[in-house]
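The values are calculated or read from the model by the stated rules, or taken from the named source; none is laboratory data. Bear in mind the structure is a predicted one, so any value in this text is a computation, not a measurement. Cβ sites come from the backbone with ideal geometry, for glycine too, and all protein chains shown count toward neighbours.
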Amino acid sequence: TVVVIAHRLATIEHADQILVVEDGTVIQRGTHEELLAQEGVYRRFVEARAEAEGWKIG
């Protein structure tokens, strides 16, 4: 068993199970695909990252 704490999607998107933790409580659990299919924190995070990909400063 390996536990990974990450903010980068590339680090976790192929994991067998992803746990979304908020204020010390697991609020979502599933694979990347399962979590994307649900309305929730994980999907909003993925959508926000996708929108921000093209941003540049300078």
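Table for the structure above
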| read-out | value |
| --- | --- |
| Listing of helices (runs of 4 or more DSSP H) fully contained in the chain that carry 3 or more residues being among the basic types (K, R) and surrounded by 10 or more Cβ atoms within 10 Å (Cβ to Cβ) | 41-52 |
| Scope region 22-58; condition at pLDDT 95 or above and hydrophobic (A, V, I, L, M, F, W, C); matching residues | V26, I27, L35, L36, A37, V41 |
